[in-house]
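What follows draws every value from the coordinates through simple rules; no lab data is involved. Bear in mind that the values here come from a model prediction, so they are computed numbers and not experimental data. Heads up, the Cβs are rebuilt from the backbone with ideal geometry, glycines too, and the neighbour counts pull from every protein chain shown.
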Amino acid sequence: MKFTDFILPGSVNTQLEATTKEGVIRELARSLASAGGFPESELEGVITAIMRREELGTTGIGNGIAVPHTKHISAERLIGAVGVSEDGVDFSSLDSEKVNLFFLLVSPPDRPGEHLRALEHITRHLKDDKFCGELKRADSPEKVMKLLVEADERVV
Amino acid sequence: MVTKELTVLNQAGFHVRNASAVCKLAMKYSSKLSLSKGGYAADCKSCLDLLSLMAPQGTKLILAADGEDEQAATDSIADLFEHKFYEDEFAAMAPPDL
């Protein structure tokens, strides 16, 4: 699996304005809908599903990274958005650090394998401090996509 | 050093919530703890590392514990795996999720 298999280019936001967990999830889910990931009419349902998932336990996995996600019937395939917050957002992360880098994922209900493969791909690459730092400092969606495409070409 | 083979029994595989549970538990022990698959070893005290294991239902992982509390750490992490990370308790709270 590659980043470009599931990250929708139009859903990358390097200037997140939200300062709360729900705000970030709303902002990124809206980006995903705007990029054609799912119908706008499903937006509130997707946001609610992601928030309910967060109530079961944070997806802030440490190192300034969070992977909010849900299964949702409106997703025809695994889709994802990327968000960068310069100031960071409190996500109740495992290491209590603020989160600067978000990968929001929505997957069809019947394909858990795709979700696990995406997590594997994301986390294996983000263990590279240089790559992770460059993503957190990226100042445009184009820069993020360039970094993701370059990462896809590396074997980790 | 203690090693034990563990199997991912839950249907959704070893996902974020499970990795977080293992990570939180591992942090309580001083021993060095790792889960490995196919020669790839993940530090149990790093959720980022654990999620890179890619372990769907049925995957066998090797837990290695090395340190003063290695047996206690092995027993408690094995308990999580054997009880499907206690997901049934979560299922009662919300619809099935990842």
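Quick look at the numbers
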read-out	value
For B:K24: the one exception among (1) out of contact with any strand residue (DSSP E or B) (no Cβ under 6 Å at 6 or more places or on another chain); (2) more than 9 Å from chain A (Cβ to nearest Cβ); (3) among the basic types (K, R)	(2)
Residues located in the range B:77-89, provided they are without any contact (Cβ under 8 Å) to a residue 60 or more places away in the chain and within 10 Å of the chain's Cα centre (by Cα)	B:D79
Qualifying residues in the range B:51-62 (those that are within 14 Å of B:L6 (Cα to Cα) and aliphatic (A, V, I, L, M)) - the one surrounded by the fewest Cβ atoms within 10 Å (Cβ to Cβ)	B:I62
Within the range A:106-133, considering residues that are of a type in the set (A, V, I, L, M, F, W, C) and closer than 14 Å to A:L148 by Cβ, the one surrounded by the fewest Cβ atoms within 10 Å (Cβ to Cβ)	A:F131
A:A151, sole failed condition from (1) surrounded by 17 or more Cβ atoms within 10 Å (Cβ to Cβ); (2) not in a helix (DSSP H, G or I)	(2)
Pairs with Cβ under 7 Å, 6+ apart, first in the range A:26-53 and more than 20 Å from B:R17 (Cβ to Cβ) and more than 14 Å from every other protein chain (Cβ to nearest Cβ), second among the charged types (D, E, K, R) and outside any helix (DSSP H, G or I)	A:E27/A:E17
Only listed residue being polar (S, T, N, Q) and within 21 Å of A:E17 (Cβ to Cβ), chosen from A:S74, A:S96, A:S92	A:S92
Looking only at the range A:19-65, and only at residues there that are assigned to a loop (DSSP other than H, G, I, E, B) and hydrophobic (A, V, I, L, M, F, W, C), the one that is surrounded by the fewest Cβ atoms within 10 Å (Cβ to Cβ)	A:A35
Test: B:S34 is of a type outside the set (K, R), surrounded by fewer than 18 Cβ atoms within 10 Å (Cβ to Cβ) and more than 11 Å from every other protein chain (Cβ to nearest Cβ)	no
